[in-house]
Amino acid sequence: MARRSILGLFSDPDTTANAMDALRGAGYKDWELDILSGAPYPEGTFGEHMPSHHLFKFPLIGAACGLAVAILLTAGTQLAYPVVTGGKPILAIPAMAIICYEGTMLGAILFTVFGIIFESRLPRPRVGIYDKRITEGYIGIVVTSDETRVVQAEKTLKMAGAIEIKSGA
Amino acid sequence: MHNGHNGEALAASPEEVTQDILRKHREFTPRFKALVAVLAVLFLLGVVGFIIRLQDGFEHRVKWGYYAAVVVYLLTTAQAAPMVAIAPRLAKANWRRPVSRAAEMFGVVGLFNLLLFIPLLFLLPSTEGRRTIWFDGPSMSPHIWDTLAMVFLVLCGLAMLWAGSLPDMAAARDHSSGRRQGLFAKLAMGWRGTDLQWFLIRHRIGALASLYFMFLVFTHFLIASDFVLGLVPGWKDSIFPAFQALSALQSSIATMLVTMFVLRKWCGYERYIGLEQFWALSKLLLATSLLWFYFWWSGFIIFWYGRQPVEQNVISLIISGPYLPIFFTTFILNFIIPLVLLIWNAVRRSILGPTVVGCSILVGTFFDRIRLYVSAFSIEDVTAHALTVVPPAHTPDIADILIIIGALSGAGLSYALATKVFPVVNIWEIKEYMLLRVQAAFHRMEVTILAKPE
């Protein structure tokens, strides 16, 4: 069955939280509900689920890749052209440390920037269901579900005090 | 309740704050246009100076000493300024909210400075036959790794600015029309303010901020090592790169104090930037000024006590010799004046006092970069075993003066133009603070109660 989204617009946080409770009471799952706000309310203010993300993995993986490339580059070139200098070992850590640090950081930065874009699901060519009043302080609840359940959700949102309901694709 | 602690702004509603900041953001006042015009003309003068300098070629490094000094000055001041947003954000200090964007926007100046950095690569000699931090690496190692460091520092700064501005770009998109709306819609990249997006913005800025801090110190280590230490034969000093990084932290605070004063005094942001921000930064400025002396002394005392001929020559080159007046100026402006003024509570707890000290440090740091980079660029034979002859002071010519004026104006111009793309005061962070704080009666006084959800 086709899925559709609706947006219920609320003027204050308390009514929004009550509407979320009503939707959950009506059997809607966390993944069917989304909160839109113009300010970062503390996580869980509306009883919404804690989103999961993998953002911290990106810098770690990037740093590991960067370090691996740096070690490969420095150790590889020194082993390929082994010249003993000043009695120091061919693979001298102090000589490799600067490039290893820089490689680690470059990898971490690159992967973090990529991770931010990926995890935020950006760029979005279409904003999706939205109302400009969100940035004016209004709070939106987006319900994305099957056609029949969306109709039911609309009624629930109205009863919970939504000042306007908008439909989207 | 307006007491200089941003009280007036916080008494307004979040929507009023949004409207007010966005109105200032889109206004092109006659004063702003005049500023841009003056900066553009001065920047063009700098371009003329650069063309004159180019006629001399890159054979004589000494002629580019002042150019190098101004590039590193911008690295020390403007590119370090995002630290004023980073450190308090990691420490969850709420006073930073109105000024964090103004600090992050110096990332745009970093992009300008990256362009200025390119000619320096043609001036850096091969590492063959001289001692550098690259040991026996390829002879072009500093050229490659220093460039990568500068590029990624700028990339990280811009990513931090963009990531932290997404909600405000969306607000600008929703409150504008026509071409401006199209521009902000592109910059907002479809931001809607979902709980996942808000969750990520908190964490992504923290990740980028940590990386920027680690990379800023490292970039200073590379630039100080390759463009000063590596060019002065026999100068072996493990403290100098750390001294330059510390100087950048001190200058970042000074840069932001002066920027905050300008934004407050002439750009209409006095509702948001108040005594609280100046007071908090003045304490950090005093601490970094004391550290400035500590780091300088630690480096100096080893050379002074060692008394090897090369150590005496290095001291003569950068302190007691031809650049003695510049050293004294730096010492007074970067240490004596901050110490003498900022030890007083009344000065620290004011808006004008920390700003005056900030100006002093910015001028002092400029002279410090001249003292170090012009003197290092004056050394002809960089492959010598030791510095045996201290070259005379190199005075600036007309091209140098034009380049200095142009580079500083270009930095100012890029920042001024960026204020019309990114709101210079962070809207969403102020709104978050307004959500979390409550004014309440406490016996016979009114206090601010701040929620700490984490």
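Taken together, the values in this text are just the output of simple stated rules run on the coordinates, not laboratory data. It should be emphasised that the depicted structure is a prediction, and the values quoted were computed from it without experimental measurement. Here Cβ is always computed from backbone atoms with ideal geometry, including for glycine, and neighbour counts include all displayed protein chains.
Just the C-alpha atoms of the range B:21-147: what Rg/Rh do they give, with Rh taken as the Kirkwood radius?
Reported Rg/Rh (Cα atoms, Kirkwood Rh): 1.08.
Return one number: the angle in degrees, 0 to 90 and rounded to the nearest 10, between the long axis of the Cα atoms of helix B:240-266 and the longest principal axis of the Cα atoms of chain B.
Relative to chain B, helix B:240-266 is tipped by roughly 40 degrees.
For a Förster distance of 60 Å, can you work out the FRET efficiency between the beta-carbons of residue B:363 and residue A:121, rounded to the nearest 0.05?
The calculated FRET efficiency here is 0.80.
To the nearest 10 degrees, how steep is helix B:195-227 against the longest Cα principal axis of chain B, on a 0 to 90 scale?
20 degrees
State, to one decimal in nm, how far the label point of residue B:40 lies from the label point of residue B:446, with both points 7 Å from Cα in the Cβ direction.
Placing both labels 7 Å along Cα→Cβ, they lie 4.6 nm apart.
Where does helix B:14-26 land angle-wise versus the long Cα axis of chain B, in degrees 0 to 90, nearest 10?
50 degrees
Give me the distance in nm between label points sitting 7 Å out from Cα along the Cα-to-Cβ direction at residue B:52 and residue B:328, one decimal.
2.9 nm
Could you work out how much longer the chain between residue B:397 and residue B:19 gets when fully extended? Use 0.36 nm per residue separation minus the Cα distance between them, nm to one decimal.
131.2 nm
Using a 10 Å cut-off around each Cβ, can you sort A:146, B:237 from fewest to most neighbouring Cβ atoms?
Going from least to most buried by this count: A:146, B:237.
Considering the Cα positions of chain B, please state its Rg to one decimal place and its Dmax as a whole number of Å.
Spelled out, the Cα radius of gyration and Dmax of chain B are 23.1, 75 Å.
Convert each backbone phi in the range B:136-153 into a coupling constant with the Karplus relation 6.51 cos²θ - 1.76 cosθ + 1.60 (shift: θ = phi - 60°), then list the ³J(HN,Hα) values in order as whole Hz, x for Gly and Pro.
9, x, x, 5, 9, 3, x, 4, 6, 6, 5, 5, 4, 4, 5, 4, 6, 5
Calculate, axis by axis, the spread of Cα positions in the range B:41-116 along the three principal axes, and write the results as whole Å, longest axis first.
51, 26, 14
Over the range B:150-268, what lengths in whole Å, largest first, do the semi-axes of the equivalent ellipsoid take, defined as the square roots of 5 times the eigenvalues of the alpha-carbon gyration tensor?
37, 18, 13
Mind giving me the FRET efficiency for residue A:71 and residue B:147? R0 is 35 Å, r the Cβ-Cβ distance, nearest 0.05 is fine.
0.95
Could you list B:314, B:41, B:84, B:258 so that the one with the fewest beta carbons within 10 Å of its beta carbon is first and the one with the most is last?
B:41, B:258, B:314, B:84
Find the Cα radius of gyration of the range B:205-287, compare it with 2.2 N^0.38 Å by division, and give the number to two decimals.
For the range B:205-287, the normalised Cα radius of gyration comes out at 1.43.
Going by average Cβ neighbours within 10 Å, how do the peptides B:104-110, A:72-78, B:229-235 rank, with the highest at the top?
The most tightly packed comes first, giving B:104-110, B:229-235, A:72-78.
Enter the per residue convex hull volume of the range B:370-414, computed from alpha-carbon coordinates, in Å³ rounded to the nearest integer.
For the range B:370-414, the hull spanned by Cα atoms encloses 93 Å³ per residue.
Assuming a viscosity of 0.890 mPa s and a temperature of 25 °C, what translational diffusion coefficient in µm² per second does Stokes-Einstein assign to the range B:182-251, Rh being the Kirkwood radius over Cα pairs?
The estimated diffusion coefficient comes to 161 µm²/s.
Ratio of the range B:291-433's C-alpha Rg to 2.2 N^0.38 Å, to two decimals?
Against the compact-globule rule of thumb, the ratio is 1.38.
Given bins 10 angstrom wide, list per bin the percent of all Cα-Cα distances in chain A, short to long.
Result returned by the calculation: 9, 26, 21, 13, 11, 10, 7, 3, 0.
Go through the range B:217-298 and name the trypsin sites (Lys or Arg not before Pro) that are in a DSSP coil and have 15 or fewer other Cβ atoms within 10 Å of their Cβ.
B:236
What does the extension gain come out to for residue B:266 and residue B:287, with contour length at 0.36 nm per residue minus their alpha carbon separation?
4.7 nm
Apply the Karplus curve 6.51 cos²θ - 1.76 cosθ + 1.60, θ = phi - 60°, to the phi angles in the range B:167-179 and return the couplings in whole Hz, x for Gly and Pro.
x, 6, 5, 5, 5, 5, 4, 6, 10, 9, 9, x, 5
Under the rule of at least 5 residues apart or a separate chain, name every residue whose amide H is placed under 5 Å from the amide H of residue A:39.
Excluding prolines and chain starts, which carry no amide H, there are no hits.
Quick check on chain B: helices-only [θ] at 222 nm, where DSSP H runs of length 4 and up contribute -39,500 (n - 2.57) each and the sum goes over total residues. Nearest 500, please.
Roughly -21500 deg cm²/dmol at 222 nm, from the helical runs in chain B.
Ordered by residue, what ³J(HN,Hα) values in Hz, to whole numbers, does the range A:134-149 give under the Karplus form 6.51 cos²θ - 1.76 cosθ + 1.60, where θ = phi - 60° and Gly and Pro are x?
4, 6, 9, x, 6, 10, x, 10, 9, 10, 10, 7, 5, 3, 5, 6
Taking neighbour counts of Cβ atoms within 10 Å as a proxy for exposure, in what order, fewest first, do A:50, B:256 appear?
So the ranking, lowest neighbour count to highest, is A:50, B:256.
Restricting attention to the range B:19-118, which trypsin sites (Lys or Arg not before Pro) occupy a DSSP loop and are surrounded by at most 12 other Cβ atoms within 10 Å?
Hits after loop and neighbour filter: B:92.
Kirkwood Rh over Cα pairs of the range A:57-119 into Stokes-Einstein at 25 °C, 0.890 mPa s: D in µm²/s?
Translational D for this selection: 197 µm²/s.
My understanding is that a pair violates if its Cα-Cα distance is over 18 Å; which of A:132/B:186; B:24/B:265; B:63/B:236; B:92/B:431 do that in this structure?
The answer is B:63/B:236.
Dividing the convex hull volume of the alpha carbon atoms of the protein assembly as shown by its residue count, what do you get in Å³ per residue?
Hull volume normalised by residue count: 177 Å³.
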